[in-house]
Amino acid sequence: MECPYCGYHDSKVIDSRDVNDGVRRRRQCLSCSASFTTYERLQPASLFVIKKDQRREEFDRNKLMAGLRKACEKRPLPTGTVDKLADDIEAELYRLGRSEVPSKVIGDMVMGGLKNLDDIAYIRFASVYRDFTDITALKQEVDTLLTSQAETPRPTGQLPLLPNDKLEELARSHRRNRR
Ligand SMILES: [Zn+2]
């Protein structure tokens, strides 16, 4: 803490007491001997997201939730699934112990989470996040998804490459046919 009068970098504490949610310290400048008061308060670590264009933006859980909700819209997921995923991602982010995280890291965490959750939600998010410029890139992503599923078969079965609503329609009729 620099002296507010002369800017000197060092001071000694001449009095210290606890106040509400912090500590109040009376300090004396080691250079000009002026005294001044500081308050020390515990602050939750804030996390900044480094955007693609290098701008920094404070991490916003609501934004994360909005993205997840959009991807999971109308998907047959149990209530609370999206909140749980947001919780997990948030906790994982803070566990990194960094003050700044590239948006890509968050995007990859979301992709990883959705991949385990729901194929369509995953592809929806991927199509926005990966910014697919053509159908070939999107097909590659779906192929990768299907290949990884072939290795670890899941009851949801394979999904054809079609627009979201068409996909859901097909998935529905597929489920009906199986009954
Ligand atoms: Zn001073």
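The values are calculated or read from the model by the stated rules, or taken from the named source; none is laboratory data. These figures come from a predicted structure and were not determined experimentally. Quick reminder, even Gly has a Cβ in these numbers, built from the backbone with ideal geometry, and neighbours come from all protein chains shown. To get the accessible areas, we keep the full protein, side chains included, count just its heavy atoms, and leave off ligands, DNA and RNA. Shrake-Rupley method; radii C 1.70, N 1.55, O 1.52, S 1.80 Å.
Within region 109-129, residues that are closer than 15 Å to A66 by Cβ have Cβ atoms under 8 Å from residues that are among the polar types (S, T, N, Q) and open to solvent by 10 Å² or more (accessible area, probe 1.4 Å) in these pairs: R124/N164, counting only partners at least 6 apart in sequence or on another chain. Residue check: is V49 open to solvent by less than 50 Å² (accessible area, probe 1.4 Å), among the β-branched types (V, I, T), more than 16 Å from the ligand (Cβ to nearest atom) and more than 30 Å from K104 (Cα to Cα)? Judged against the criteria, V49 is not a match. Residues considered: D10, D15. Of these, the only one that is within 16 Å of the ligand (Cβ to nearest atom) and open to solvent by less than 70 Å² (accessible area, probe 1.4 Å) is D10.
Contact annotation: residue pairs with Cβ atoms under 6 Å, 6 or more positions apart or on different chains, pairing a residue in region 130-145 that is surrounded by 12 or more Cβ atoms within 10 Å (Cβ to Cβ) with a partner that is at pLDDT 80 or above and not polar (S, T, N, Q), are E141/A126.
Does region 88-100 contain at least one residue that is surrounded by fewer than 16 Cβ atoms within 10 Å (Cβ to Cβ), within 16 Å of the ligand (Cβ to nearest atom) and either within 29 Å of L146 (Cβ to Cβ) or not hydroxyl-bearing (S, T, Y) (or both)? No: region 88-100 contains no residue that is surrounded by fewer than 16 Cβ atoms within 10 Å (Cβ to Cβ), within 16 Å of the ligand (Cβ to nearest atom) and either within 29 Å of L146 (Cβ to Cβ) or not hydroxyl-bearing (S, T, Y) (or both).
Yes or no: D165 modelled with pLDDT of 85 or more and assigned to a helix (DSSP H, G or I)?
Details: modelled with pLDDT of 85 or more: no; assigned to a helix (DSSP H, G or I): yes.
In short, no.
Mind checking whether some residue in region 27-39 is under 42 Å from the mean Cα position of the chain (by Cα) and open to solvent by 80 Å² or more (accessible area, probe 1.4 Å)?
Among the residues of region 27-39, at least one is under 42 Å from the mean Cα position of the chain (by Cα) and open to solvent by 80 Å² or more (accessible area, probe 1.4 Å), which makes the answer yes.
In region 24-39, of all residues being of a type in the set (S, T, N, Q) and assigned to a loop (DSSP other than H, G, I, E, B), the one that is nearest to the ligand (Cβ to nearest atom) corresponds to S31.
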